[in-house]
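Worksheet for the structure shown next.
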Number of protein chains: 2
Amino acid sequence: MTGTVSEALRTDDPAEAIRAALARRRPRSGDRFGELTHYAMAVPGKLLRPLMLVASAEAVGGTAETALPAAVAVEHLHVASLVHDDIIDGDDLRRGRPSVHARYGVADAIVTGDALLFDLFASVAECAAPPRVVMAVVAEFAHAGGDLCRGQVLESTMVSPGATRPGSALEDYLDVAAAKTGALFRAACRAGALLGGGSAGQVDQLGDYGHHTGVAFQMQDDLLPYLGAGTSGKPDASDAANLRPTWPVLLAHREGRPEHRAAVETALSGALEPEETLELLRFAVTDSGALDEARRGARDRSRLALACLRGLPGAAATDRLAAIAEIAVDRDR
Amino acid sequence: MTGTVSEALRTDDPAEAIRAALARRRPRSGDRFGELTHYAMAVPGKLLRPLMLVASAEAVGGTAETALPAAVAVEHLHVASLVHDDIIDGDDLRRGRPSVHARYGVADAIVTGDALLFDLFASVAECAAPPRVVMAVVAEFAHAGGDLCRGQVLESTMVSPGATRPGSALEDYLDVAAAKTGALFRAACRAGALLGGGSAGQVDQLGDYGHHTGVAFQMQDDLLPYLGAGTSGKPDASDAANLRPTWPVLLAHREGRPEHRAAVETALSGALEPEETLELLRFAVTDSGALDEARRGARDRSRLALACLRGLPGAAATDRLAAIAEIAVDRDR
């Protein structure tokens, strides 16, 4: 990590400023607690949520610097949820390395996630904004975190074999995507707009943008295993192995011919090996035309997000937000 | 649950007001998420932390009503940590019922704890106090939560057989007790004093009281398996089964004769069944005189706590705080 936060802010590279702020908050410390939280945060991902938060602050006329502790916070929330999700899903790889529980065991991974959750609120508390505004940001993150947990539980009830009725589950899927992904994207954008001094209307507008971008992002994430390209460091077969009925799979079941429906039901029955499960789902999703429909659905969402960006004062930051909504559905990893 | 929060406050029964507020926040809801968080919070424990928080607010001249959302929050933090601790320790019983993971599985128990953690900050955000004060309470809980996690990790390094050097571990024990228990008691009292409008000196004074009471409470907790009386709904053998070198055990090792030291080392070697481990530790702790010394140590702590209560304006609330510091070391469950 080279440079400092304020240098990065001078060179107007928000990603670099966020990386520097994250590194400062999670130094490689001498004790095991520091090692655990450092390890969890050491390989930054795409930083979408903090980037959206900072851009939202600038889009309403605020500064990146005021928003930075909240940007650090939202990435902590995201990574904490990944650390706990990886335990739950039994995913041993994350960002190309062993996940925290694979490296340090389940007990320390649970505590590491908890520590990141607490520290996110400590970080928010450091925002140099009026206390009333900072409290509103605390509430945004607290409620988004609750939504995330609610989405996680809803998803697990979809997964349990008795509850899997793919034909009626498309709405559940959208509820889960809104709760598990949309809510935190939404909170990130609202937090940025609040810290940037945006009006209530602008806060809502950017919150809606965040919600739609988050759902589009989740839809695209669920398409990746069927696009055949690179991976995100997480095995393609993970969702299939966990018998998770994702967006394209649900479409294949609803829109496909009887053989596609049968393939989905066999795949989600839990009787097959992960690789066989994924192969059968690939057949159903591709051959039924569900893949193309799912891509259209994701792009429609992205366009909804873009439509929320009209009339914001900060043109350069708004362009960055638009680019994120486009990249969300135009990526192969 | 009978009555409402405001009725309970009128009848001046803080415990009843806290129970009513907790029940309102965690209604038995129709969906699984609501069921999980309701189950986790359904059997109130001693409510020490929220009672101390409310009493601290009143001790500096504030009202219970202003402090109540923070009292709800601190109990959420405590229970969230219990839910996750029970997974880590493999404790299948809590407050006389199956623990959350024993009842609903590890995945949902992880998410339940997370949901309670987020909701505690949502609850704090509802305090009807100046935003500057509420932000300070957020920071108190965030830092105490971090300390709790740090203590948890420190304790786990004490437990790992290679790291167990009982003779030199008394200081580590006190660090763990301060972080795992003292920090949250301290935060509860500081939060109450802040919300009650206390001066910086009063906030510190009550924080110190909370710290000492918390450490005394933890010391007494670790004595309970050797007092031979009732249990707290948690099996007496849990800490022994987890080979946790607690206060009286460490004293027996440091102060005892060679046979006591040998008994401790054999017990903590991990070679025995939990009941045999506990029996050997009981011999060492009782026969060496460590039990009596440990009880004196806990009582000394309690007296330190009492000494912090001088000069506070709210006499009745101060009396309640004094009673808690005394009960902390004068209980058999």
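The values are calculated or read from the model by the stated rules, or taken from the named source; none is laboratory data. Remember, it's a predicted structure, so these values are computed and weren't measured experimentally. Cβ placement follows ideal geometry from the backbone for every residue including glycine, while neighbour counts extend to all protein chains displayed.
Among residues of the stretch B:34-52 that are in a loop (DSSP other than H, G, I, E, B), those with a beta-carbon under 6 Å from a residue that is among the small types (G, A, S) at least six positions away or on a different chain give the pairs B:L47/B:A15.
Does B:P44 satisfy the condition of being surrounded by fewer than 24 Cβ atoms within 10 Å (Cβ to Cβ) and in contact with a His (Cβ under 8 Å, 6 or more places away or on another chain)?
In short, no.
Scanning the stretch A:265-292 for residues that are buried (at least 17 other Cβ atoms within 10 Å of the Cβ) and either within 24 Å of the chain's Cα centre (by Cα) or at positive phi (or both) gives A:L278, A:L281, A:R282, A:V285, A:A290, A:L291.
If you go through the stretch B:81-105 and keep only what is more than 8 Å from chain A (Cβ to nearest Cβ) and assigned to a helix (DSSP H, G or I), you end up with B:L82, B:V83, B:D85, B:D86, B:D89, B:V100, B:H101, B:A102, B:R103, B:Y104. For the stretch A:115-133, the set of residues classified as without any contact (Cβ under 8 Å) to a residue 60 or more places away in the chain, hydrophobic (A, V, I, L, M, F, W, C), part of a helix (DSSP H, G or I) and facing chain B (nearest Cβ under 7 Å) consists of A:L117, A:F118, A:F121, A:A122, listed by residue number. Scanning the stretch A:134-162 for residues that are hydrophobic (A, V, I, L, M, F, W, C), more than 9 Å from chain B (Cβ to nearest Cβ) and within 19 Å of the chain's Cα centre (by Cα) turns up just one, A:V137.
Among the helices (runs of 4 or more DSSP H) contained in the stretch B:186-304, which hold 1 or more residues that are modelled with pLDDT of 90 or more?
On the way: elements: B:200-227, B:238-241, B:247-255, B:258-267, B:274-287.
Those helices (runs of 4 or more DSSP H) span B:200-227, B:247-255, B:258-267, B:274-287.
Checked across the stretch B:32-39, the condition of being closer than 21 Å to B:G214 by Cβ and not aliphatic (A, V, I, L, M) holds for no residue.
With respect to the conditions (1) under 17 Å from the mean Cα position of the chain (by Cα); (2) at pLDDT below 95, A:P50 lacks only one, and its number is (2).
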